[in-house]
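**Student:** I have a structure here, written as structure tokens, and I will follow up with some questions on it.
The values are calculated or read from the model by the stated rules, or taken from the named source; none is laboratory data. If you're wondering where the values come from, they're calculated on a predicted model, not measured in any experiment. In this analysis, Cβ positions are derived from the backbone assuming ideal geometry, glycine residues included, and neighbour counts consider all displayed protein chains.
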Amino acid sequence: MKISDFDYPLPPELIAQYPSVHRDQSRLMVVDRATQSFEHHRFRDLPRFLSSSDLLVLNNTRVIPARLHAHRVDRREKIEVFLLGPVEGDVWEVLVRPGKKARPGTRLVFRPDQFEASVLESSPSAVRRLRFEYSGDFWAWIEKVGQTPLPPYIARPSTPEDRERYQTVFASVPGSVAAPTAGLHFTPELLDQLSHCKITLRVGYGTFRPVSVETVEEHQMDAEYYEIDSEAAARIAEQQRGGGRLIAVGTTTTRVLEHVFFEHSRIVPGEGWTDLFIRPGFDFGLIQGLITNFHLPRSTLLFLVSAFAGRDLIQKCYREAVEREYRFYSYGDAMLIL
């Protein structure tokens, strides 16, 4: 399959730059795979399309303020440091821009004499390993000096409001550099009406990386860390025995569930890494419904929803969404695919 088969025209003004005023006021396209049809609603209408026997599975990861700014000792020019993930202790893998200003041995200053870092290793790319040195608590410093890592298609600086809105109301496990955006539409009141459980997948920087190959089969997914606790595993097992539908909230949740089911033929508690690449032709073993946002052209997320609903139906839905001026991407509107 060619990557170009998953392209579509999108007017730039439809890329949501800010969240909706109220989370559950986002629009919701309800898609029926059996009849190849769709309807237009609001996200607050979601309970109308689910029954008491359905179980939603949410990703409870929490976005960290991963974008930091530093300068070199005795220099004032700004250097961006983007946290990718911990290596060991206070050593982190990061993305530095401009990378040429962060060679091994360079000292980066975030707050003089309070929160600094030394560059340990470099690579041909902008990826570096830093050892952080600080007084007090590391995460307290990250909360103080870090900024919300908004996606590159949101063409504005992050604001204090983004600290709350680029985070689901059920986020509780820190570690992601991007939000599981399908969950952004839920409110506590809406969740109270729906049967649900939570798992964790730490969304990595690879979610921002464009697909650079010509065919879908050539692409390699980055591995991401997941956890499923015993409570969630038991809820999902009970759901399977009872025959109700399992609805994944988001592509991240989908990848974890299908990865674990493929490995064990059931959902078991545990943790690990998944680089599962779901694309058209994938045989879904577990989920029967999907809540998701509208995704970038030529993206792995669009491959996944096309695998679940069919490429032709998704292309039809996206054309309709553009015509009706839905809001796209992270802060945009949603789909319920059944």
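**Student:** Pairs, please: C-beta under 8 Å, at least 6 apart or cross-chain, first residue in contact (Cβ under 8 Å) with a residue 40 or more places away in the chain and in the stretch 24-44, second in a strand (DSSP E or B) and of a type in the set (Val, Ile, Thr)?
**Tutor:** 31/337; 33/337; 38/30; 38/31; 40/30
**Student:** Would you please name the residue that is farthest from residue 90 (Cα to Cα), looking only at residues in the stretch 121-132 that are of a type outside the set (Ser, Thr, Tyr) and surrounded by 15 or more Cβ atoms within 10 Å (Cβ to Cβ)?
**Tutor:** Applying the filter and picking the extreme gives 126.
**Student:** At pLDDT below 95 and either more than 21 Å from residue 308 (Cβ to Cβ) or not basic (Lys, Arg) (or both) - does that describe any residue in the stretch 248-263?
**Tutor:** Within the stretch 248-263, none of the residues are at pLDDT below 95 and either more than 21 Å from residue 308 (Cβ to Cβ) or not basic (Lys, Arg) (or both).
**Student:** What about residue 333, is it under 28 Å from residue 196 (Cα atoms), among the acidic types (Asp, Glu) and surrounded by 21 or more Cβ atoms within 10 Å (Cβ to Cβ)?
**Tutor:** Yes, satisfied.
**Student:** Next question, about the same structure. Only residues that are under 18 Å from residue 335 (Cβ atoms) and over 18 Å from the mean Cα position of the chain (by Cα): list them for the stretch 251-281, please.
**Tutor:** 280
**Student:** Can I ask one more? What single numbered condition from (1) modelled with pLDDT of 95 or more; (2) over 27 Å from the mean Cα position of the chain (by Cα) fails to hold for residue 75?
**Tutor:** (1)
**Student:** Here is a follow-up. Could we say that residue 242 is in contact with a Ser or Thr (Cβ under 7 Å, 6 or more places away or on another chain) and crowded, with 23+ Cβ neighbours inside 10 Å here?
**Tutor:** The answer is no for residue 242.
**Student:** Can you say whether residue 276 is assigned by TED's automatic domain parsing to the domain that holds residue 320, assigned to a helix (DSSP H, G or I), surrounded by 15 or more Cβ atoms within 10 Å (Cβ to Cβ) and in contact with a His (Cβ under 8 Å, 6 or more places away or on another chain), as far as the supplied structure shows? Before the answer, list the steps.
**Tutor:** Numbers: assigned by TED's automatic domain parsing to the domain that holds residue 320: yes; assigned to a helix (DSSP H, G or I): no; surrounded by 15 or more Cβ atoms within 10 Å (Cβ to Cβ): yes; in contact with a His (Cβ under 8 Å, 6 or more places away or on another chain): yes.
It is false that residue 276 is assigned by TED's automatic domain parsing to the domain that holds residue 320, assigned to a helix (DSSP H, G or I), surrounded by 15 or more Cβ atoms within 10 Å (Cβ to Cβ) and in contact with a His (Cβ under 8 Å, 6 or more places away or on another chain).
**Student:** Out of the helices (runs of 4 or more DSSP H) lying entirely within the stretch 120-233, which hold 1 or more residues that are over 19 Å from residue 249 (Cα atoms) and in contact (Cβ under 8 Å) with a residue 24 or more places away in the chain?
**Tutor:** Those helices (runs of 4 or more DSSP H) span 138-145, 160-165.
**Student:** A further question on this structure: Using the structure shown, decide if residue 86 is modelled with pLDDT under 95, assigned to a strand (DSSP E or B) and either assigned by TED's automatic domain parsing to the domain that holds residue 230 or loosely packed, with under 15 Cβ neighbours inside 10 Å (or both).
**Tutor:** Numbers: modelled with pLDDT under 95: yes; assigned to a strand (DSSP E or B): yes; either assigned by TED's automatic domain parsing to the domain that holds residue 230 or loosely packed, with under 15 Cβ neighbours inside 10 Å (or both): yes.
Against the criterion (modelled with pLDDT under 95, assigned to a strand (DSSP E or B) and either assigned by TED's automatic domain parsing to the domain that holds residue 230 or loosely packed, with under 15 Cβ neighbours inside 10 Å (or both)), residue 86 qualifies.
**Student:** Could I ask something else about it? For residue 10, indicate whether it is touching a helix residue (DSSP H, G or I) at 6+ places or on another chain (Cβ under 9 Å), under 30 Å from residue 212 (Cα atoms) and either without any contact (Cβ under 8 Å) to a residue 60 or more places away in the chain or not assigned by TED's automatic domain parsing to the domain that holds residue 105 (or both).
**Tutor:** Spelling it out, residue 10 is indeed touching a helix residue (DSSP H, G or I) at 6+ places or on another chain (Cβ under 9 Å), under 30 Å from residue 212 (Cα atoms) and either without any contact (Cβ under 8 Å) to a residue 60 or more places away in the chain or not assigned by TED's automatic domain parsing to the domain that holds residue 105 (or both).
**Student:** Restricted to the stretch 181-210, and to residues that are farther than 21 Å from residue 16 by Cα and touching a Pro at 6+ places or on another chain (Cβ under 8 Å), which residue is surrounded by the most Cβ atoms within 10 Å (Cβ to Cβ)?
**Tutor:** 201
**Student:** If you scan the stretch 291-328, which residues turn out to be over 22 Å from residue 214 (Cβ atoms), assigned to a helix (DSSP H, G or I) and of a type in the set (Lys, Arg)?
**Tutor:** Result: 316, 319.
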